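The values are calculated or read from the model by the stated rules, or taken from the named source; none is laboratory data. If you're wondering where the values come from, they're calculated on a predicted model, not measured in any experiment. FYI the Cβ positions are ideal-geometry reconstructions off the backbone, even for glycines, and counts take in every protein chain you see. Calculation scope for accessible area: heavy atoms of the full protein, side chains included, ligands and nucleic acids excluded. Shrake-Rupley method; radii C 1.70, N 1.55, O 1.52, S 1.80 Å.
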Amino acid sequence: MVEFSKANIKDFAEDGDDEEEPGEEVESAPPLKVGQEREIGSKGLRKKLLKRGVNWESPQFGDEVTFHYVGTLCEDGSIFASTRTTNEPVTFKLGHDNIVKGLDHGIVTMRKGEIASFMLHPELAYGVSGTTGVPSNSIVQFEVELLSWITVVDICKDGGIIKKILETGEQIGPPGELDEVCGHFCPALTKALKTMKRGERANLIVQPKYAFGQKGNKLNNELPAIPPDSVLSIFVKLLSMKPVIDVTGDLKVKKKVLKEGEGTVTANEGATVTIRYTAMLEDGTVFERKGFDDEQPLQFITDEEQVVAGLDRAVSTMKKNECALITISPEYGVGSTEVKMDLSSVQPSSTILYEVEMLDFIREKAPWELSTPERIEAAVRRKEEGNQLFKIGKYQRAAKKYEKAVDYVSQDVPYTDDDEKIVKPLMLSCWSNGAACCLKLNNFREAIDLCSKILNAESCNVKALYRRAQAYMGVAELLLAELDIKKALEVDPQNREVWLMQKNLKQLQAQNNKQDAKLYRAMFSSKSEDACIAEKRLKTAKDDKDTSMLDESTAAMILETKKYSC
């Protein structure tokens with residue numbers, strides 16, 4: 001939600017001072033202690049800290065700073081300028097030649113409330129011309145108290161929208177591309193909100209092309225009409241925003257956070273979650289509710305296909321007590337079939353919505369949280385789950401189980417000899433089974449990688465050689481497939497499956513040879529025709545005794561193709 005005041009309409013020309021200028025980088029160094037002095041840069045600017053400021057932030061070039069100062073001549077200590085006499089601080093924009101150049105570079109090193117003394121050589125102060133009360137080529141000193149500053153941002157980098165931050169927001173923000181923020185007064189507002197943090201308050205100076213342009217705008221009765229070519233001053237505060245997360249990376253499962261959860265920990269794959277929810281169609285028709293009116297909430301294990309895929313994936317990203325609206329496309333919902341639910345049917349290819357509250361979850365323990373026996377036990381269990389999934393044709397999920405099993409036992413920890421006897425065969429078996437899943441899914445490159453891991457450990461593993469050859473054939477790398485088949489037959493000459501694969505490979509190679517021969521004939525035929533044409537041109541040129549018509553490219557073609565006859 002956005003709060004903004006009525007726009008102040010100003011018919012003034014665009015001010016060139018609104019353009020930002022890049023500032024000089026301040027050399028990093030340990031913070032000064034009170035009473036310490038240091039040279040800043042190499043142009044004759046020295047700083048002495050008189051009073052420490054608060055926080056850690058400093059203004060930047062382009063910001064509007066408000067400060068008190070007392071200027072004195074180093075030669076005799078006489079005061080030539082001071083805001084203390086009237087007790088009225090000044091406000092200037094850093095980096096825009098409104099104040100002494102050297103003082104700009106000193107103020108960007110200060111914090112709010114800090115008091116410091118700056119000594120400036122003439123080239124950073126008033127130079128050879130001097131000023132009132134300051135003779136030519138004078139070294140001067142400024143005692144500065146930095147009261148506050150307003151950060152100024154040129155949002156579009158063309159002076160069209162200048163944002164002055166009046167109050168900084170929380171560390172959360174700014175909104176992402178999918179996040180929802182209410183505020184549609186004019187195009188500039190949308191652009192500005194994308195740069196703001198929650199709780200931030202700002203003043204926007206908006207040029208006509210980002211406001212209402214040459215046409216102006218006739219607003220409702222609460223606000224006056226805006227004349228053509230008006231520059232607007234808009235005061236805006238970002239009160240709240242609803243983060244929207246692309247859960248699946250293809251915008252087909254989106255999660256809009258309605259209420260932030262607790263802490264930073266989310267559920268994960270394999271977590272036991274407890275949720276309550278209302279499920280509905282896009283038109284608002286509710287087809288299922290769980291956890292309301294004394295009904296038990298739903299408890300399930302994520303990544304186990306116990307609920308629709310979109311809900312499963314989104315819940316895995318939620319924090320405890322988080323509330324979210326999850327929008328699920330048909331691919332991650334009920335698909336192309338009609339499904340009868342508790343309160344209503346869901347038609348084929350329907351987009352569905354779940355309003356979910358995460359009541360509780362127990363995360364699946366990470367490998368490093370388990371002892372060695374627990375890791376081995378978990379890996380064996382995941383492998384068996386993968387085997388069951390493979391048997392029923394769920395190859396994608398089976399592959400994830402094998403991968404997770406390897407994760408449990410591939411940690412960089414010392415194993416005893418007895419443990420090693422279990423762990424090594426377990427990892428090799430999971431890689432092999434994972435490669436079998438990849439072959440079923442036509443993911444040949446991944447299958448090659450998994451088989452190569454096995455062969456790095458056991459160079460004569462016939463099953464790995466067989467499956468890698470199969471994968472090489474899948475990506476038409478027939479020579480590599482032939483090498484693996486030959487090695488497999490050297491290890492196991494009677495292996496019937498490898499013999500059959502060798503027969504299939506020879507058929508593939510014969511087909512490829514035929515295709516190559518056809519391609520070469522076509523190419524050579526084309527070259528032969530070109531050679532005939534070139535030779536005829538050469539003969540004509542000789543007959544006419546005019547070799548000037550024979551260019552270099554034609555001659556080169558004749559030399560290259562002279563072995564082909566007409």
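Reported count of residues in the range 288-317, each being free of Cβ contacts under 8 Å to residues at least 60 places away in the same chain and on the phi < 0 side of the Ramachandran plot, is 20.
How many of the residues in the range 228-256 are surrounded by fewer than 21 Cβ atoms within 10 Å (Cβ to Cβ), hydrophobic (A, V, I, L, M, F, W, C) and part of a strand (DSSP E or B)? Final tally of qualifying residues: 4.
For the range 449-483, the set of residues classified as under 17 Å from GLN509 (Cβ atoms) and charged (D, E, K, R) consists of GLU477, GLU482, listed by residue number. For LYS486, indicate whether it is in contact with a Cys (Cβ under 9 Å, 6 or more places away or on another chain) and either of a type outside the set (A, V, I, L, M, F, W, C) or part of a helix (DSSP H, G or I) (or both). So LYS486 fails the test. The set of residues in the range 329-346 being assigned to a loop (DSSP other than H, G, I, E, B) and in contact (Cβ under 8 Å) with a residue 24 or more places away in the chain consists of SER329, GLY333, VAL334, MET341, ASP342, LEU343, SER344.
Comparison of GLY113, GLY106, GLY159 shows that the only residue that is more than 17 Å from GLU75 (Cβ to Cβ), of a type outside the set (Val, Ile, Thr) and touching a Phe, Trp or Tyr at 6+ places or on another chain (Cβ under 7 Å) is GLY106.
When only residues in the range 349-374 that are open to solvent by less than 40 Å² (accessible area, probe 1.4 Å), part of a loop (DSSP other than H, G, I, E, B) and under 30 Å from PHE292 (Cα atoms) count, which is modelled with the lowest pLDDT?
Going residue by residue through the range 349-374, those that are open to solvent by less than 40 Å² (accessible area, probe 1.4 Å) are 350-354, 356-358, 361, 364, 366-367, 370, 372.
After this cut, where a residue has to be part of a loop (DSSP other than H, G, I, E, B) as well, the list is 350-351, 364, 366, 370.
Still in the list and also under 30 Å from PHE292 (Cα atoms): 350-351, 364.
Numbers: SER350: 95, THR351: 96, GLU364: 88.
Of everything passing the filter in the range 349-374, GLU364 is modelled with the lowest pLDDT.
Taking the range 54-122 as the region of interest, the strands (runs of 3 or more DSSP E) fully inside it that hold 1 or more residues being surrounded by fewer than 16 Cβ atoms within 10 Å (Cβ to Cβ) are 64-73, 79-82, 90-93. The number of residues in the range 473-511 being closer than 16 Å to ALA436 by Cα and open to solvent by 30 Å² or more (accessible area, probe 1.4 Å) comes to 4.
So that you can scan it fast, the table gives a plain yes or no per residue for (1) open to solvent by 80 Å² or more (accessible area, probe 1.4 Å); (2) not basic (Lys, Arg):
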| residue | (1), (2) |
| --- | --- |
| ILE376 | no, yes |
| LYS400 | no, no |
| ASP417 | yes, yes |
| LEU428 | no, yes |
| SER452 | no, yes |
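In the range 280-307, the qualifying residues are those that are among the acidic types (Asp, Glu) and open to solvent by 50 Å² or more (accessible area, probe 1.4 Å), and the one that is nearest to LEU353 (Cα to Cα) is GLU282.
With respect to ILE205, is the statement that it is open to solvent by 50 Å² or more (accessible area, probe 1.4 Å), among the hydrophobic types (A, V, I, L, M, F, W, C) and in contact (Cβ under 8 Å) with a residue 60 or more places away in the chain true?
On the way: open to solvent by 50 Å² or more (accessible area, probe 1.4 Å): no; among the hydrophobic types (A, V, I, L, M, F, W, C): yes; in contact (Cβ under 8 Å) with a residue 60 or more places away in the chain: yes.
The answer is no for ILE205.
In this structure, GLY310 does not satisfy being part of a loop (DSSP other than H, G, I, E, B), modelled with pLDDT of 90 or more and open to solvent by less than 50 Å² (accessible area, probe 1.4 Å).
For VAL26, indicate whether it is at pLDDT 75 or above, more than 30 Å from VAL231 (Cβ to Cβ) and open to solvent by 40 Å² or more (accessible area, probe 1.4 Å). Spell out the reasoning first.
Working: at pLDDT 75 or above: no; more than 30 Å from VAL231 (Cβ to Cβ): yes; open to solvent by 40 Å² or more (accessible area, probe 1.4 Å): yes.
Judged against the criteria, VAL26 is not a match.
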